[in-house]
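Each value in this text was obtained by applying a stated rule to the coordinates, not by laboratory testing. Fair warning: this is a prediction, and the values are worked out from it, not measured in the lab. Positions of Cβ are generated from backbone atoms using ideal geometry, with glycine treated the same way; all protein chains shown enter the neighbour counts.
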Amino acid sequence: MSILIKNGRVITAAEDYVADIYIEGETISAIGKNLPIQADAVIDASGKLVFPGGIDPHVHLSMPFMGTFSSDTYETGTRAALFGGTTTVIDFVLQKQGHSLKDALADWNSRARGTAVGDYSFHMAVTDFNEDSKAEIKDMVENEGITSFKTFMAYKGALMINDSQMVGLMQEVKKQGGMVTVHATNGDMIDYLIAKHRSEGKLAPLYHYLSQPEVTEAEASCRFTDLADYTGCPGYIVHMTCEGALNGVRNATRRNQKVFAETCIQYLILDASLYEKDFEGAKWVMSPPLREKKDQQALWAGINQGLVQVVATDHCPFMWEQKLMGRDDFSKIPNGHPAIENRMELLYSEGVGKGKITLNKYVEVACTNPAKIFGMFPRKGTIGIGSDADIVIFDPEEKHALSAKTHHMNVDYSGYEGWELTGKVKTVLLRGTVAVDDNQCLIDKGYGQFIKRKKVNGTI
Ligand code: URP
Ligand code: ZN
Ligand code: ZN
């Protein structure tokens, strides 16, 4: 099967030009002006933007967490991602403490294989670093194509590792050619503040926010950065939310070490005033919590200064019924928020549309950098000859509103209900097949492939 996309405005991280794109099978085989080629199908992209499929390197699908499971499966989550212009996601396999990495991988494979609609890959979350799990790192990198290892400096008793485990893991991961990523917040301090608020009868969602002040994230981000510098291991901080963490990392990385930072769309456009809405604030109970307007400004600036390289989602949806588990106690509200479908359109409308970032920066942080940082470039993350034909055709003028009534995520509320956006995903191709067109998904569950990733060295 061949497809010719004609006359689109092609945007990559570095370029902006009008051209035709010729696709044969799963990959792009020619790009040029007025290509003199016949194809099985022609798509007219005149007046539209054409950019690489988005990559969301931080999602949680069917994730067991806080006594329940995130409500999007690999089927519903990756399909919703496609509707929003994201063609590849990276989820987190969670090692169970006392069990092996291999067992955890088998568990996640059983959820994803034959179920995913869009392409996916895995980070391995190491929650119990010991001699046995240390011995498994090489196999993950060499044979499984899993080259990033996630750590949690919070969620003690479930996911958190201590600093000695962190240093040991970094040394092994560096040796094997991988990267350590981190949820960087000070778990002990947060647990102290949660206990204090609960003992004082302060149980509303607002106290979730007040239990995770900026210092908890700034301190842990700097500690992580220092340990990464000491070990020489490439590092990546997930879901950075605040000025304190950003400035800490800016200072620490004057040593020219290899540390990347990711923020998520919600931290750029939502703020902590939402926690004042009584229990409705549970919709935005996530960790770290939303911050202040000054943090949004710092993060947009961090993107433009190249200190924040990725905008992800940390998509971790829960039905309202699940959020109600914490009606009488904020510490029991499952942490997480839905955005896998909304990231590309929100970032375009709020970022490019409002003049905060350029179109090239948009593609860089939403598509290209995640592919480069996590070892999928140039197969994914760009429009180039030989790359997978993962392509979004986007109308930059179309206005539409976000709503739980129309979204495709398996969650019964939207964190952005009624938001008016300019710019809409029209057609999405995944590996040369039209996956979404005219608000319809045209591919079935099982089409999504696991993407094995290459070794990474902390440079892009
Ligand atoms: O609130 C969040 N972020 N839930 C998902 C787990 C995590 O910490 O990323
Ligand atoms: Zn996290
Ligand atoms: Zn997460």
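Apply 1/(1 + (r/R0)^6) to the Cβ-Cβ distance of Lys33 and Ala106, taking R0 = 60 Å, and write down the FRET efficiency to the nearest 0.05.
E between Lys33 and Ala106, to the nearest 0.05, is 0.75.
What's the extension gain from Arg113 to Arg250 if we count 0.36 nm per residue and subtract their Cα-Cα distance?
The span from Arg113 to Arg250 would gain 45.4 nm if fully extended.
With 10 Å bins from zero, work out the P(r) of the range 380-460 over every alpha carbon pair and list the percent per bin.
14, 34, 34, 18, 1
Could you give me the ³J(HN,Hα) list for the range 143-149, computed from phi with Karplus coefficients 6.51, -1.76, 1.60 and θ = phi - 60°, whole Hz, x at Gly and Pro?
Running phi through 6.51 cos²θ - 1.76 cosθ + 1.60 with θ = phi - 60° gives 10, 9, x, 10, 10, 10, 10 Hz.
May I have the extent of the alpha carbons of the range 111-167 along their three principal axes, as whole Å values ordered from largest to smallest?
38, 25, 14
Let me check I've understood the local charge: for Leu193, count other residues with C-beta under 12 angstrom from its C-beta, Lys and Arg +1, Asp and Glu -1. What total comes out?
0
What residues have an amide H closer than 5 Å to that of His337, excluding those fewer than 5 places away on the same chain, when H is modeled at 1.01 Å from N in the peptide plane?
Answer set, sorted by chain and number: Cys316.
Lys294: which lysines have alpha carbons under 25 Å from its alpha carbon, excluding same-chain residues fewer than 8 sequence positions away?
Partners found: Lys277, Lys283, Lys354, Lys356, Lys361.
What Kirkwood hydrodynamic radius do you get for the range 241-352 when you take the inverse of the mean 1/r over all pairs of distinct Cα atoms, in Å?
Final number for the Kirkwood radius of the range 241-352 is 15.0 Å.
In nm, give the distance between the simple-model label positions of Thr406 and Asp139, each being 7 Å from the Cα along the Cα-to-Cβ direction.
Result for the modelled spin labels: 4.9 nm.
Net charge near Leu4: determine it from the other residues with C-beta under 12 Å of the C-beta of Leu4, scoring Lys and Arg +1 and Asp and Glu -1.
Value of the local net charge: -3.
Provide the per-residue ³J(HN,Hα) series for the range 378-385, in order, calculated from phi with Karplus coefficients 6.51, -1.76, 1.60 and θ = phi - 60°, each as a whole number of Hz, with x at glycine and proline positions.
Karplus-based 3J(HN,Hα) across the range 378-385 equals x, 4, 10, x, 8, 10, x, 5 Hz.
For the range 283-302 and the range 327-385, write down the distance between their C-alpha centroids in whole Å.
Taking the Cα centre of the range 327-385 as reference, the centre of the range 283-302 is 15 Å away.
Given H placed 1.01 Å from N in the peptide plane, which residues other than close sequence neighbours of Thr27 have an amide H under 5 Å from its amide H?
Counting only residues 5 or more places away or on other chains, the set is Ala389.
Give the calculated FRET efficiency between Asp438 and Gln176 to the nearest 0.05, with a Förster radius of 45 Å applied to their Cβ-Cβ distance.
After rounding to 0.05, the efficiency reads 0.50.
Work out how much length Gln297 to Glu417 would gain on full extension: take 0.36 nm times their residue separation and subtract the Cα-Cα distance, in nm to one decimal.
40.9 nm
Along each of its three principal axes, how wide is the spread of alpha-carbon positions in the chain, in whole angstrom units, largest first?
70, 48, 42
Quick one: 3J(HN,Hα) in Hz for the range 187-198, Karplus 6.51/-1.76/1.60 with θ = phi - 60°, rounded, Gly and Pro as x.
x, 5, 5, 5, 4, 4, 5, 4, 4, 4, 4, 5
Just flag the GluC sites (Glu not before Pro) in the range 1-97 sitting in loop per DSSP whose Cβ has no more than 14 other Cβ atoms within 10 Å.
Filter output for the range 1-97: Glu15.
Would you grab the residues whose amide H sits under 5 Å from the one on Cys441? Only those 5+ places off in sequence or on another chain, please, with H modelled 1.01 Å from N.
none
Treating cross-link reach as a plain straight distance, find the lysines whose alpha-carbon is under 20 Å from the alpha-carbon of Lys156, omitting any fewer than eight places away in the same chain.
Lys96, Lys196, Lys332
Past the 16 angstrom mark, what percentage of all C-alpha to C-alpha distances in the range 152-273 do you count?
Value for the range 152-273: 63 percent of Cα pairs lie more than 16 Å apart.
For the residue pair Ala195 and Lys445, what label-to-label distance in nm results when each label sits 7 Å from Cα along the Cα-to-beta-carbon direction?
Once both label points are built, they end up 4.3 nm from each other.
Tally Lys and Arg at +1 and Asp and Glu at -1 over the other residues with C-beta under 13 Å from the C-beta of Cys441: what net charge comes out?
Net charge around Cys441: -3.
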